[in-house]
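Worksheet for the structure shown next.
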Amino acid sequence: TLAVATEEDHSTRGLLAAVEAAIKKPIFGCHMCGQCVLHSTGLTCPMNCPKTLRNGACGGVRANGHCEVKSEMRCVWLKAVKRSRRLPWSHEIHDIRRPVDNRLFGTSSWMNLVTGRDKSAPKRWDVPA
């Protein structure tokens, strides 16, 4: 039945999200935003930024390279830029990334990529200014 198929799909999505979290959290500090951009941010999760900025540093980076919000933490974006230089697709660090769609938090970015869900925006996000 339709209810069973939906339930199975939900459990598959949940299992995939759990596997993804088990792999990506310890390696990359993944926050499971559901819209992974690790490939274009030097394999550095921008969600580790206290301001959750996805398109570069805020301008409040201290002279020692540390975050203005968490002074004990090195700026996530300084790490991202440095790491991206070692990747064959280093130019992607300059890509403009959409704002996070908070409806996708906790979901599998792998599944969202395959289904295109990571590219769909909430209504009115793409309205011209």
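The values are calculated or read from the model by the stated rules, or taken from the named source; none is laboratory data. Quantities reported herein were computed from a predicted structural model and do not represent experimental measurements. All Cβ positions, glycine included, derive from the backbone under ideal geometry; neighbour counts span all protein chains shown. What goes into the accessible areas is simple: the full protein's heavy atoms, side chains included, and nothing from ligands, DNA or RNA. Shrake-Rupley method; radii C 1.70, N 1.55, O 1.52, S 1.80 Å.
Values for this structure:
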{"read-out": "Per residue, in Å², the accessible surface of the chain once ligands and nucleic acids are set aside, probe 1.4 Å", "value": "65 Å²"}
{"read-out": "Under 5 Å, built H, 5+ apart or other chain: amide partners of residue 66", "value": "75"}
{"read-out": "Among 12, 44, 52: highest mean-square fluctuation, GNM of the chain, C-alpha pairs under 10 Å", "value": "12"}
{"read-out": "Within the chain: Cβ-based charge dipole about Cα centre, in debye rounded to nearest 20 (Lys, Arg +1; Asp, Glu -1)", "value": "600 debye"}
{"read-out": "Gain in span if fully extended, residue 119 to residue 55, counting 0.36 nm per residue against the direct Cα distance", "value": "21.4 nm"}
{"read-out": "HN-Hα J in Hz across region 102-107 - Karplus 6.51, -1.76, 1.60, θ = phi - 60°, x for Gly and Pro", "value": "4, 5, 9, 4, x, 9"}
{"read-out": "Within the chain, longest stretch free of exposed chymotrypsin sites (Phe, Trp or Tyr not before Pro) [DSSP loop, at most 12 other beta carbons within 10 Å]", "value": "1-88"}
{"read-out": "Accessible carbon and sulfur surface of region 45-93 relative to its total accessible area, %, 1.4 Å", "value": "50 percent"}
{"read-out": "Relative contact order, percent, the chain [alpha-carbon distance under 8 Å, six or more residues apart]", "value": "31 percent"}
{"read-out": "Options (1) 37; (2) 40; (3) 21 - which one matches percent of Cα pairs over 23 Å apart as calculated here", "value": "(2)"}
{"read-out": "Distance (nanometres) between label positions extended 7 Å along Cα→Cβ at residue 85 and residue 68", "value": "2.4 nm"}
{"read-out": "Qualifying lysines (Cα of each under 18 Å from Cα of residue 79; at least 8 residues distant if same chain)", "value": "24, 25, 51, 70"}
